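One structure is given below, encoded as structure tokens.
The values are calculated or read from the model by the stated rules, or taken from the named source; none is laboratory data. Computed from a predicted structure; not experimentally measured. Here the Cβ positions follow ideal geometry from the backbone for every residue, glycine too, while neighbour counts run over all protein chains shown. These area figures cover heavy atoms from the full protein model, side chains too; ligands, DNA and RNA do not enter into them. Shrake-Rupley method; radii C 1.70, N 1.55, O 1.52, S 1.80 Å.
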Amino acid sequence: MRLEPDKECLVCDYCSTVHFPEANADGVRVLEEPSPLHCPICAVALVHASVARQRMLYCGQCRGMLVGMDNFVALVHNVRARHEISGEPAHQPDWTEMDRRIKCPQCGEEMDTHPYGGGGNVIIEDCERCSLNWLDYGELERIVQAPDREYASDL
């Protein structure tokens, strides 16, 4: 089976059968194709995956996600379109996460740690040099569930 570029499927080179892996409980379609990059938390190889038709790299151990900055906004919009937005107030971020320092899986330089500028009260890491965002397990869901000014006018 061969991973199709920028798609959510694998294709058999012999019979051309297309295989779409089932999404896991977190909504991640793990494509099982290993990446040369390693998780900045666990140091295990990241695998190709997708969420809401947006490709990313995924850690099967800590369930973190490495998302290209060019895909990030589309990812949030697509996931948000498939979920009901919670009316619950957002939790305060864990400010101790601001002290965490992780290395970019691509360039090896320290990633910037900062509060995400949108909803969700989430602390994220990004690498401007490589145009990558790192999301820990649950952070995408918190961003998606948070009230957002863009969507507030639709309610």
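Structure summary
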item: Residues of the stretch 100-127 classified as in a loop (DSSP other than H, G, I, E, B) and out of contact with any helix residue (DSSP H, G or I) (no Cβ under 8 Å at 6 or more places or on another chain), total; result: 11
item: Close pairs from the stretch 95-123: first within 17 Å of PRO40 (Cβ to Cβ) and free of Cβ contacts under 8 Å to residues at least 12 places away in the same chain, partner open to solvent by 70 Å² or more (accessible area, probe 1.4 Å) and assigned to a loop (DSSP other than H, G, I, E, B), Cβ under 9 Å, at least 6 apart; result: GLU110/ARG101
item: Residues (modelled with pLDDT of 95 or more and in contact with a Lys or Arg (Cβ under 9 Å, 6 or more places away or on another chain)) located in the stretch 98-121; result: CYS104, GLN106, CYS107, GLU109, GLU110, MET111
item: Check on LEU66, closer than 14 Å to TYR137 by Cβ and outside any loop (DSSP other than H, G, I, E, B); result: yes
item: Positions within the stretch 1-46 being among the polar types (S, T, N, Q) and either touching a Ser or Thr at 6+ places or on another chain (Cβ under 8 Å) or open to solvent by 60 Å² or more (accessible area, probe 1.4 Å) (or both), in sequence order; result: SER16, THR17
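Let's see how each residue does on (1) among the β-branched types (Val, Ile, Thr); (2) closer than 20 Å to ARG129 by Cβ:
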site	(1), (2)
ASP6	no, no
TYR14	no, no
GLU22	no, no
LEU37	no, yes
VAL67	yes, yes
TRP95	no, no
GLN106	no, yes
